[in-house]
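First the structure, in the form of structure tokens, and then the observations on it.
The values are calculated or read from the model by the stated rules, or taken from the named source; none is laboratory data. Please read all numbers here as calculations on a predicted model, not as lab measurements. All Cβ positions, glycine included, derive from the backbone under ideal geometry; neighbour counts span all protein chains shown.
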Amino acid sequence: MVKKIAIVSVILVGVLSVFCGIVAMQPSEFRVQRSVVIASSASTIFPLINNLQLGRSWSPWEKLDPEMTRRYAGPESGAGAAYSWSGNDKVGQGRMTILDSKTNEKVTCNLENFRPFESVSKVEFELKPQDGGTSVEWSLTGQKGFGQKAACMFMSMDKLIGDDFDKGLTLLKKQVEAVASKPGEASVTH
């Protein structure tokens, strides 16, 4: 009996060692990226990305928790603007701060998640002229620790986050194009 337990223990340790080795060899960095072409100018789209308060109108996470608390700090828009939230398990708790803002071109943010898991990532929105409008690219880049590497063997970060990016970009497109199609409407507001 003791011999069988020893054999099973050695096998389990071997399997666990192989699994840990495979996890350790997984990429440490992840990137999720989605884009959409919006039939409008970058100057119409940019304020909705550069002002975190206006971003609520197209964020895919805003409707997941009606009781979510929000706080804003720093300037209203551009570098230094910050948005903190705390809500249910679907939205968690975190903070996003605009690090850099290039008018009508790019917004780079630092994203800190505190709950349901801790992480720090970089979010970028890039606007590029495109035939018939503006291409808006939304990306999230970050580092994976050992636990996240293991989890990503069974679930895709791209699928998990990418679907939300698709929803958000669709909402942004609908909002901007609805306003752009109305004569006399010069800007998009919240």
### Task
Just give me the residues in the range 51-80 being part of a loop (DSSP other than H, G, I, E, B) and farther than 27 Å from residue 160 by Cα, in sequence order.
74, 75, 76, 77, 78, 79, 80
### Task
List every residue pair whose Cβ atoms sit under 7 Å apart, with the two residues 6 or more apart in sequence or on different chains, where the first one lies in the range 59-85 and is under 17 Å from residue 99 (Cα atoms) and the second, anywhere, is assigned to a loop (DSSP other than H, G, I, E, B) and hydrophobic (A, V, I, L, M, F, W, C).
72/52; 74/81; 75/81; 81/52; 83/52
### Query
Any chance the range 89-109 includes a residue that's out of contact with any strand residue (DSSP E or B) (no Cβ under 9 Å at 6 or more places or on another chain), surrounded by fewer than 16 Cβ atoms within 10 Å (Cβ to Cβ), at pLDDT below 95 and more than 20 Å from residue 169 (Cα to Cα)?
no
### Selection status of residue 120, in contact with a Leu (Cβ under 8 Å, 6 or more places away or on another chain), crowded, with 16+ Cβ neighbours inside 10 Å and either modelled with pLDDT under 95 or of a type in the set (D, E, K, R) (or both)
no
### Message
Among the residues of the range 78-119, what is the count of those that are basic (Lys, Arg), under 23 Å from residue 50 (Cβ atoms) and touching an Asp or Glu at 6+ places or on another chain (Cβ under 8 Å)?
### Response
2
### Message
Can you tell me which condition residue 67 does not meet? The list is (1) within 30 Å of residue 129 (Cα to Cα); (2) modelled with pLDDT under 95, and all the others hold.
### Response
(1)
### Task
May I ask you to list pairs of residues, at least six apart or on different chains, whose Cβ atoms are under 8 Å apart, with the first in the range 21-42 being over 20 Å from residue 140 (Cβ atoms) and the second being modelled with pLDDT of 65 or more and acidic (Asp, Glu)?
39/177; 40/177; 42/105
## Note on the structure
In the range 31-50, anything basic (Lys, Arg) and either touching a helix residue (DSSP H, G or I) at 6+ places or on another chain (Cβ under 6 Å) or outside any strand (DSSP E or B) (or both) is listed as 34
### Query
Of 22, 45, which residue is at pLDDT 70 or above, within 29 Å of residue 122 (Cβ to Cβ) and not polar (S, T, N, Q)?
45
### Query
Given 62, 76, which one is surrounded by fewer than 15 Cβ atoms within 10 Å (Cβ to Cβ), within 24 Å of residue 175 (Cβ to Cβ) and among the acidic types (Asp, Glu)?
76
